[in-house]
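Throughout, read-outs are computed from the coordinates displayed, never taken from laboratory work. Keep in mind that what you see is a predicted model, and the values were worked out from it rather than measured. Note: ideal-geometry Cβ built from the backbone for every residue, glycine included; neighbour counts use all protein chains shown.
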Amino acid sequence: MSDARLQDGFRAHQAGDLDRAEQLYRDILKADANNFDALYLLGYIHLQRGQWEPAERQIEEALRVNPNSIDALFNRARALMNLGRHTQALSCLDKALSMRTRRCSATNAWWRRDRVISGHSIIGP
């Protein structure tokens, strides 16, 4: 989050000033309709307000920009669950879990590689 407006929006969001944060995120999107952070955080505001349909749509739009965001997948699943769209929610959760597992496996593989290179023994699979 390098954009000053995005930083201001995020600070307002963290402080609970959802109206101000929403306006700042919308201003960012006027200039850059594909700003993932603004798209996602605007969807997250809808989620916080219990506005499930706009939350789902907004987070889905963010996922078009960055389909590999585990947080966005998880929160889209939350919105879908609240909309009673359980099959779609489970699909989002499965994708997020799959991505998380791959990242953890990759991190573990790099850690093991570094341990072998540095001469430490490894016990386990």
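Quick one: is Gly50 buried (at least 17 other Cβ atoms within 10 Å of the Cβ) and free of Cβ contacts under 8 Å to residues at least 60 places away in the same chain? Judged against the criteria, Gly50 is not a match.
Against the conditions (1) closer than 29 Å to Ser98 by Cβ; (2) buried (at least 22 other Cβ atoms within 10 Å of the Cβ), Leu24 satisfies every one except (1). Selection of region 23-37 for residues being part of a loop (DSSP other than H, G, I, E, B) and of a type outside the set (D, E, K, R) yields Ala33, Asn34, Asn35.
Whether any residue in region 32-47 is β-branched (Val, Ile, Thr) and in contact with a helix residue (DSSP H, G or I) (Cβ under 7 Å, 6 or more places away or on another chain) is what I want to check. Lay out the reasoning, then the answer.
First pass over region 32-47, keeping only residues β-branched (Val, Ile, Thr): 45.
Going one step further and asking which of them are in contact with a helix residue (DSSP H, G or I) (Cβ under 7 Å, 6 or more places away or on another chain), we end up with 45.
So far as region 32-47 goes, yes, one or more of its residues are β-branched (Val, Ile, Thr) and in contact with a helix residue (DSSP H, G or I) (Cβ under 7 Å, 6 or more places away or on another chain).
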